[in-house]
Amino acid sequence: MQNVNIAGREVFPIGLGTLKMGDKANTFDQEVKAIRTGLDHGAQVIDTAEMYGNGNAENLVGHAIEPYKREDLFLVSKVLPNNASKKQIPISLDNSLKRLKTDYLDLYLLHWTGGVPIEETIEAMEQAKLQGKIKSWGVSNFDVNDLTKLLKLPNGHYCAANQVRYNLGDRGIDYDLAPLMKENSLPLMAYAPVSRGDSDLTDQNVLLDVSQKYNADVYQILLAWSIRNGQTIAIPQSSNAEHVINNVKAANIKLTEEDLAKIDSVYPEPIVSEPLALW
Ligand SMILES: NC(=O)c1ccc[n+]([C@@H]2O[C@H](COP(=O)([O-])OP(=O)(O)OC[C@H]3O[C@@H](n4cnc5c(N)ncnc54)[C@H](OP(=O)(O)O)[C@@H]3O)[C@@H](O)[C@H]2O)c1
């Protein structure tokens, strides 16, 4: 298992997504248990956003992390593009911190590109860093053009991560974005890493074959594949504690060159540039 260096910290490569969590009172306890189970089994990164359930997911996370030492966690939240201005970022950030019941984020992401000039967003992010409210900032859903432009801007090189959709069925970034990020030592946060349980993937014979070899399930192989380069943190979402344990344990599976070649024979590396897969 290889930890990933993100914003100067070595963190466990499987984190916990929170999309669609915290919305319903009757699943709240089960979701809290899922998050705590992940943390108890080694996960550190929790990924959330002001957008998720309009703050519900952040509220859930705030409750779930109460028994844990803050410095052991790596909390990530995201600001909506419409709120990514110098005036609005401080307001959004304070609201996120309040919901998460913490006084800082480890990483604050711009959720996707929007109308606010990115230069202004960077300035506001750097200001939040100076105030100690965030340790680092990054972006999400940035393609090659967005990222290339960002990295050339003043302070653009402080960008600490790019979070994009990445799984075996959506591996277009392996052609150009992932190499660009590697060249710039920019870690990838892989969202939808199990492709939301898409049976096109989970029923695939090649994945079933490889999973048998490791006495694992297909979800674990999908996750092990997504973090294979040591520069990726996968953030699968699950409200089921048993699934979460399996997901976290996937960090122990090191796929061999032979496994990867087998998988590539069915899911080949892209040979042309593809638009970023979204949502
Ligand atoms: N930056 C962005 O724009 C963006 C966009 C989308 C998502 N995200 C982030 O990325 C996270 C993950 O993406 P996602 O939630 O869209 O998709 P995902 O993690 O690929 O899939 C989540 C689904 O997979 C199931 N699942 C997870 N592990 C499983 C396992 N071991 N066995 C069986 N089923 C399993 C979950 O059901 P169970 O609850 O039954 O396990 C859930 O329905 C999100 O939660 C969010 O934090 C970011």
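Points worth noting:
- Residue pairs whose Cβ atoms lie under 6 Å apart, separated by 6 or more positions or on different chains, with the first residue in the stretch 226-239 and of a type in the set (A, V, I, L, M) and the second within 11 Å of the ligand (Cβ to nearest atom) and assigned to a loop (DSSP other than H, G, I, E, B), are I233/G15; A234/P193; I235/G15.
- Set S211, S265: member being in contact with a helix residue (DSSP H, G or I) (Cβ under 8 Å, 6 or more places away or on another chain), loosely packed, with under 13 Cβ neighbours inside 10 Å and without any contact (Cβ under 8 Å) to a residue 60 or more places away in the chain: S265
- Scanning the stretch 174-197 for residues that are at negative phi, part of a loop (DSSP other than H, G, I, E, B) and near the ligand (Cβ under 8 Å from one of its atoms) yields a total of 2.
- Every residue from the stretch 225-243 that is within 11 Å of the ligand (Cβ to nearest atom) and in a strand (DSSP E or B): I233, A234, Q237
- Single residue of the stretch 244-279 satisfying the filter (outside any helix (DSSP H, G or I) and β-branched (V, I, T)) that is nearest to P13 (Cα to Cα): I253
- Scan the stretch 32-53 for residues that are of a type outside the set (F, W, Y) and near the ligand (Cβ under 9 Å from one of its atoms) and the total you get is 6.
- Lone qualifier among G169, G156 - being within 15 Å of the ligand (Cβ to nearest atom), surrounded by fewer than 22 Cβ atoms within 10 Å (Cβ to Cβ) and of a type in the set (G, A, S): G169
- Filtered by the rule that a residue be aliphatic (A, V, I, L, M) and either surrounded by fewer than 16 Cβ atoms within 10 Å (Cβ to Cβ) or out of contact with any Lys or Arg (no Cβ under 9 Å at 6 or more places or on another chain) (or both), the stretch 172-187 gives L177, L180, M181, L186.
- If the condition is being touching a residue at least 40 places away in the same chain (Cβ under 8 Å), under 19 Å from M1 (Cβ atoms) and assigned to a helix (DSSP H, G or I), then the stretch 15-50 contributes T37, G38.
Just so you know, all these numbers are worked out from the coordinates, no wet-lab data involved. Note that the structure is predicted; figures quoted are calculated from it, not measured. Neighbour counts run over all protein chains shown; Cβ positions are idealised from the backbone, glycine included.
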